[in-house]
Amino acid sequence: MRVIAYTYEADLHCLDCTRNTFGDDDLGYAFTFDNEDQLINPVFSTDEILDYSVCGDCSQEIGGE
């Protein structure tokens, strides 16, 4: 099980875009809030996501294992 994306600002975001937005602090965003005062949530490789999910910033395809 690994983190493949994060959800924040009502969208799904790849790891690179999350780093660009919030910094490169080991992606430990457990208590980090987005601009909508919502917690940033990890999406794991074992989570069910749509077969064709893309990053809300760069449109990179995001998928599980």
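The values are calculated or read from the model by the stated rules, or taken from the named source; none is laboratory data. Everything numeric here is computed off the predicted structure, so don't read it as measured data. No Cβ is skipped: glycine too gets one built from the backbone with ideal geometry, and neighbour counts run over all protein chains shown.
Things worth noting here:
- Near pairs, Cβ below 9 angstrom, 6+ apart or cross-chain, from the range 45-61 (under 14 Å from Cys14 (Cβ atoms) and surrounded by fewer than 16 Cβ atoms within 10 Å (Cβ to Cβ)) to any residue that is at pLDDT below 85 and of a type in the set (Asp, Glu): Ser45/Glu65
- Residue within the range 20-37 that is modelled with pLDDT of 85 or more and under 12 Å from the mean Cα position of the chain (by Cα) present: yes
- Neighbours by Cβ (under 6 Å, 6+ apart or cross-chain): first from the range 6-17, over 15 Å from Phe44 (Cβ atoms); second surrounded by fewer than 21 Cβ atoms within 10 Å (Cβ to Cβ) and at pLDDT 90 or above: Asp11/Gly56; Cys17/Cys55; Cys17/Asp57; Cys17/Cys58
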